[in-house]
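The block underneath contains the structure these notes are about, expressed in structure tokens.
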Amino acid sequence: MNERTPIENINLSFICDRDWNKMMPCSSGRHCSDCDKTVVDFTNKGMEELHAVLEQEGQVCGRFHKSQLLQTPSKKPFHLKRVFASVLLALGFSAFSRGLQAQAVSCTNSNHNHDKAQSEQAYGMFVEAMPVYKHGGEKGLLEFIQKNLQYPSGKSFNGVVVTSFVIDTTGRVTEPMIIKSLSDGADKEALRVTELLEFYPGMQAGKKVPVRYTVPIRFGEDKRKKK
């Protein structure tokens, strides 16, 4: 049975300071009486469930863990079609993008556990998300590349190949290319593995959009011995 792919790389469009515990429970989360909207609880949902809600509703208010957000957002909006996401395999995994506006709810409750739980949540209108690897998110992407890199007999590669490609609206890798070469053999192998990747596509305003993605892939004897 496949594990649920975690929600990652989410951007919210505005600051929300409402208290989740003061909202009225409803079937999909809580109802906010101040703005008369349903706030969907995504803290325990996966990417497939997120996409299903967005495709049905378009823009939606949501409750997320801070860990599900892409990064500390800036005040300037961005457009997914112009964003490059970097998967830095040499360092483990990281991604970058330009966020919109999101902020964790500030709490006044004197109970420490309540404060801690609230401070780990973020609320707001979902509008954009970067693509997420379909089989396990960041961790799954790392494991897949590590497991599937092949070293031709008698060949030794040490260094990084940087591939770039477009993730289309179906989540398929298209237009793969090398933007930093290591050697003919390493470049071909990096492209081969890159073309095997599957993603949940980027989303903008409830619609799937193509996104340019960049993946540096590290080759080395240490990586080879771990396989």
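Is there a residue in region 67-84 that is modelled with pLDDT of 80 or more and in contact with a Ser or Thr (Cβ under 9 Å, 6 or more places away or on another chain)?
Step one: list which residues in region 67-84 are modelled with pLDDT of 80 or more, which gives 67-69.
Filter once more, keeping what is in contact with a Ser or Thr (Cβ under 9 Å, 6 or more places away or on another chain): 68.
For region 67-84, residues modelled with pLDDT of 80 or more and in contact with a Ser or Thr (Cβ under 9 Å, 6 or more places away or on another chain): present.
Got a sec? Which of Ile178, Ile167 is surrounded by 19 or more Cβ atoms within 10 Å (Cβ to Cβ) and either of a type in the set (A, V, I, L, M) or closer than 19 Å to Val132 by Cβ (or both)? Reasoning before the result, please.
On the way: Ile178 fails: surrounded by 19 or more Cβ atoms within 10 Å (Cβ to Cβ).
Exactly one residue qualifies, and that residue is Ile167.
Report, by residue number, each residue of region 191-205 that is over 17 Å from Thr174 (Cβ atoms) and surrounded by fewer than 17 Cβ atoms within 10 Å (Cβ to Cβ).
Ala205
Within region 165-213, count every residue that is without any contact (Cβ under 8 Å) to a residue 60 or more places away in the chain, out of contact with any Lys or Arg (no Cβ under 6 Å at 6 or more places or on another chain), polar (S, T, N, Q) and farther than 21 Å from Lys139 by Cβ.
4
Can you give me the number of residues within region 125-163 that are open to solvent by less than 60 Å² (accessible area, probe 1.4 Å), of a type in the set (Ser, Thr, Tyr) and in contact (Cβ under 8 Å) with a residue 60 or more places away in the chain?
2
Of all residues in region 8-34, count the ones that are at pLDDT below 85 and not small (Gly, Ala, Ser).
So the answer is 10.
The values are calculated or read from the model by the stated rules, or taken from the named source; none is laboratory data. In this text, all values refer to a predicted model and were calculated from it rather than measured experimentally. Cβ coordinates were reconstructed from backbone atoms using ideal geometry, including for glycine residues, and neighbour counts include every protein chain displayed. For the accessible areas, the whole protein counts, side chains as well, though only heavy atoms, and no ligand, DNA or RNA atoms are used. Shrake-Rupley method; radii C 1.70, N 1.55, O 1.52, S 1.80 Å.
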